Amino acid sequence: MLKMDLEYEQEVLFIRFKGKLQRNVCYKINNYIVPVINKHHLKKLIINFKDVTYLDEAGVDALLNAKCAMKRNKGKLYLCEVRKEISYLLKRLHLKIVASEDLALKLLEV
């Protein structure tokens, strides 16, 4: 199961996941998050992985879809608080991974 907390503040969409980002829940990113990114032409996205306990290849693919949507908008995407156990799966995506939301905000110049 995956829970999502979404917050939009200072032109930044924050997504805080809790649980397992795996095949049976990837539709939450592909069917809800990516369309929001596209519809509103979002340019700043921070995804917090602090409470993500598991990530599989389908989850990685869903994140890649979000990354591509942000790239089309000429936006920036940061992942933060990624656990070591799952960070190896994210390396091949060449995503910007930082230690905290605060650091991501500074890099986004908010």
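Computed from the coordinates by the stated procedures, all read-outs in this text should not be read as laboratory data. Just so it is clear, the model here is predicted, and its values are computed rather than measured. Here the Cβ is made from the backbone with ideal geometry for all residues, glycine too, and neighbour counts use every protein chain on show.
Yes or no, residue by residue, for (1) without any contact (Cβ under 8 Å) to a residue 12 or more places away in the chain; (2) within 24 Å of Leu103 (Cα to Cα):
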position	(1), (2)
Leu2	no, no
Asp5	no, yes
Phe14	no, yes
Lys20	no, no
Lys39	yes, no
Leu45	no, yes
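Please tell me if Leu79 is of a type in the set (A, V, I, L, M, F, W, C), closer than 16 Å to Leu6 by Cα and either touching a Ser or Thr at 6+ places or on another chain (Cβ under 9 Å) or surrounded by 20 or more Cβ atoms within 10 Å (Cβ to Cβ) (or both). Taking the combined requirement at face value, the residue satisfies it. Among residues belonging to the stretch 79-106 that are of a type outside the set (A, V, I, L, M, F, W, C) and in contact with a strand residue (DSSP E or B) (Cβ under 8 Å, 6 or more places away or on another chain), point out the one that is nearest to Phe17 (Cα to Cα). Within the stretch 79-106, the match that is nearest to Phe17 (Cα to Cα) is Glu81.
Within the stretch 1-27, being outside any strand (DSSP E or B), of a type outside the set (Asp, Glu) and surrounded by fewer than 16 Cβ atoms within 10 Å (Cβ to Cβ) holds for Met1, Gln10, Arg23, Asn24, Tyr27.
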